[in-house]
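Everything below concerns the one structure shown next.
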Amino acid sequence: MLLLACGWCSASATEPAGPGDADPVLRSGCPSWVETLEWSAEPIRVPAGAPAEIILSDQQDRLTPDGSDFYFHLVVRLLNAQGVRQNSEWSVTYAPEYENITWHTLRISRDGQDLDRLAGTKFKLSRRELGFESHLMDGQATAMTVLEDIRVGDIMEISYTRHSANPLMRGHMSATHYLGAGYPIRRQRVVVQTPLAEPEPACSFFIPPGTQNLPPSLYRLASLKLALEKTEGPEFRTFRWEAKSVAAIVFDQNIPAQASPYYPMFQVTSFKSWSEVAAWGTPLFAASAELPDSARELVQKWKTQLNTPAERLQAAVRWVQDDVRYFAMAVGDHNLKPRPLRDVCASRFGDCKDKALLLSVLLRELGFEAWPALVNSSLRERIDERAPTPYAFDHAIVAYRLDGSLHWLDATLKMQQGPVGKWALPPYRRALILREGELGLTKIDTPATGLPDTETRDFFSIDATTGDATLETEVVIRDLQADLYRQQLEVMTPTELSTRWFNYISRFYKKLDEVHPPVVQDNPATNQVTVKASYRIPGLAHNEAGVKIAEFYAYALRTYLDPPDSRRRYWPYALSGDRFIRHRIEMEWPYELPLEQLPELILADGVDYRAEKGVAGKKFFAVHDLHLTSDYVPADRMGGFCDAVDDLLRSLGTTLRRSVVSAPGGDGVNSKASVP
């Protein structure tokens, strides 16, 4: 059942269930430390169409520095066939190297009778590597079962405990719970116990930004904090959070990654600061940092054969990015710890941690200051709002000093080009550098070049007799977008490239014939990829009601702004932030036209659009600039955003007429009312 948002980050306990075990889960009664909670099967009214109702969601943790237990108790009523389908298969994923599962309850209540299903249920162990196609092996196992004879109206009760003792987290305590569910909940409780003998951990809540009209008990920080209580017993302090009558969480399309993990999050961690996280991670990475002889020989070769530090820096970056392929063998403790560099160099593959550590060590051997650094590729600067914990990060990059300044590099990118020390970086915005004495997160500034990252230039020439046009198009792609496009080209045949270009442009110019297929020019020195192609458009200039007209469209911008499917949303609307796209159109018109200029400015949340269109003599030009200035539009700002997008899409189209009159709808340069 996937609609309940329950989870935890941390580590603990006993004997791992190996792949050879007949049954991968243990079975026993409820742990003695768990606080029991009664629940009622009395039916209540729930929203029409709900597949199921959660009567009780009870999650309890007992954290210790040497290992922790995580107890999960769920009671759910199945209301229709969809609810039965969603709750008839159960699975629990865990790391068998240091975790196991003990199942306590699997019971069905039907027509006043309790049917114990635990004894007769067989769990199977699966080692499916769901991330394998994305070059990831995490070694996790899944204990799963398919329940028989589940019916509409049944009340299903399950409970189990995950025992976890990750050796890399020994001495630390950490737990994370996701609040709410895709079903309505009568009662949800989270209980976290920590030893009085240990310093009191930090508790915090983390909610997505830009939402509206979601359950206020979950999506308002003040409500979450008010519901949190702390008590102390003889040996343990206990934190309790509880909510009742919680509506189901609904989702929209196109939710930004910065809203992850989407469900409100309750965190308990013994890490008091990012400095403590850096102090934990620095020796962990250092333990794998011994270079093998083969890599030392490579360093010596670079020192001998390359004359300048810049050349050596470039050689090391090229080797790690391009010759050591990306593949994550994140099994066991290597989910947090890099593999030994001897293994990385021997296998010629590694994940982000492995490659960041390898490049950092190589750069240090070459005389540079360099360190691995941790980032969150989804949350970016919103990590400032997270409680300090190693689990706040999902990616590793490299920080290094060049000419006295701090620079950044992502070793998992391939074929990066450009001036040495000015390699492009995705907008991670915050990083924790793993070095001694690090005090906190470091802001990553993205230098603004002032140039579009993608610039399309279309030049049309029109035959005065036939109205046929030739289109010479050129797309210039710069910086990070050039790096990413270069990776696409690596796996794309010329025929595929030609087909993609033709199919896209023909959406806007229906009568399109390819004259010369796209040709790619790569300029490594400036990290700029240029693609040129030419097409023929029969009858682009044509007669309508005795007036010669031609229609043009800035199609390159249309890629980045689809009309939103709704103005009323619960969630923010995702944008491709930190982008600057330009589409320039020029045309030789066969007829004289008077001078005319039509500037336009459209501003909205996340969007800065500026256009200038003009004619002079027989020449027409249009420049459309689109700046995407945010990663998302807040839900309560969607009305203004949708209006702006409608205006913007109209502005992308232009109708050019043979002569100019002042009446509305007359001849001249006019914005089209709809996309061709």
Mean separation of Cα contacts under 8 Å (6+ apart) over length of the chain, as relative contact order %: 10 percent
Magnitude of the charge dipole, the chain, Cβ model with Lys/Arg +1 and Asp/Glu -1, debye to 20: 460 debye
Relative counts (whole %) of C-alpha pair distances in the stretch 231-309, using bins that are 5 Å wide: 3, 8, 9, 9, 10, 11, 11, 10, 8, 7, 5, 5, 4, 1, 0
Cross-link table K230/K272; K337/K422; K230/K443; K511/K548, entries beyond 24 Å C-alpha to C-alpha: K337/K422; K230/K443
Cα pair distances in the stretch 467-596, grouped into 10 Å bins until the bin that holds the longest one, percent each: 9, 33, 31, 20, 7, 0
Reachable aspartates and glutamates from K414, criterion Cα separation under 17 angstrom, eight or more residues apart if same chain: D322, D323, D351, D354, D479, D483, E490, D522
Area accessible to solvent at M173, 1.4 Å probe radius, in Å²: 10 Å²
Estimated distance in nm for a label pair at R110 and W39, the labels positioned 7 Å out from Cα along Cα-to-Cβ: 1.8 nm
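Rounded to the nearest 20 debye, what is the charge dipole size of the stretch 147-248 about its Cα centre when +1 sits on each Lys and Arg Cβ and -1 on each Asp and Glu Cβ?
Numbers: 12 positive and 10 negative charges, 70 e Å.
Using only the charged Cβ atoms, the result is roughly 340 debye.
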The chain - mean residue ellipticity at 222 nm from DSSP helices (-39,500 (n - 2.57) per run, n ≥ 4, rounded to 500): -5000 deg cm²/dmol
Backbone N within the stretch 89-123 under 11 Å of label point (7 Å from A81 Cα along the Cβ vector): none
Relative contact order (%) - the stretch 289-366, alpha-carbon pairs under 8 angstrom, separation at least six: 44 percent
DSSP-defined antiparallel bridges as percent of all bridges, the chain, nearest 5: 90 percent
Karplus-derived 3J(HN,Hα), 6.51/-1.76/1.60, for each residue of the stretch 229-242, Hz, glycine and proline x: 10, 10, 10, 10, x, x, 10, 10, 8, 10, 9, 10, 10, 8
Viscosity 0.692 mPa s, 37 °C: Kirkwood-radius Stokes-Einstein D of the chain over Cα pairs, µm²/s: 113 µm²/s
HN-Hα J in Hz across the stretch 244-254 - Karplus 6.51, -1.76, 1.60, θ = phi - 60°, x for Gly and Pro: 10, 6, 9, 5, 5, 7, 10, 10, 10, 7, 6
Whole-angstrom gap from the stretch 565-582 to the stretch 598-620, using each part's C-alpha centre: 21 Å
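Treating only the Cβ of Lys, Arg, Asp and Glu as charged (+1, +1, -1, -1), what charge dipole size does the stretch 503-607 show about its Cα centre? Round to the nearest 20 debye.
In debye, rounded to 20, the stretch 503-607 gives about 380.
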Within straight-line cross-link reach of K244, lysines at Cα separation under 17 Å, skipping those fewer than 8 residues along the same chain: K225
Point-to-point label distance, R325-D513, nm (Cα→Cβ direction, 7 Å offset): 4.4 nm
Amide H within-cut-off set for N527, under 5 Å, with H built and near neighbours excluded: G418
Which of A604, V190, W589, positive extreme of dipole for the chain (C-beta unit charges): W589
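The values are calculated or read from the model by the stated rules, or taken from the named source; none is laboratory data. Nothing here was measured: the structure is a model prediction, and the numbers come from that model. So basically every Cβ, Gly included, is an ideal-geometry build from the backbone, and we count neighbours across all protein chains shown. In case anyone asks, the SASA skips ligands and DNA or RNA and just uses the protein heavy atoms, side chains included. Shrake-Rupley method; radii C 1.70, N 1.55, O 1.52, S 1.80 Å.
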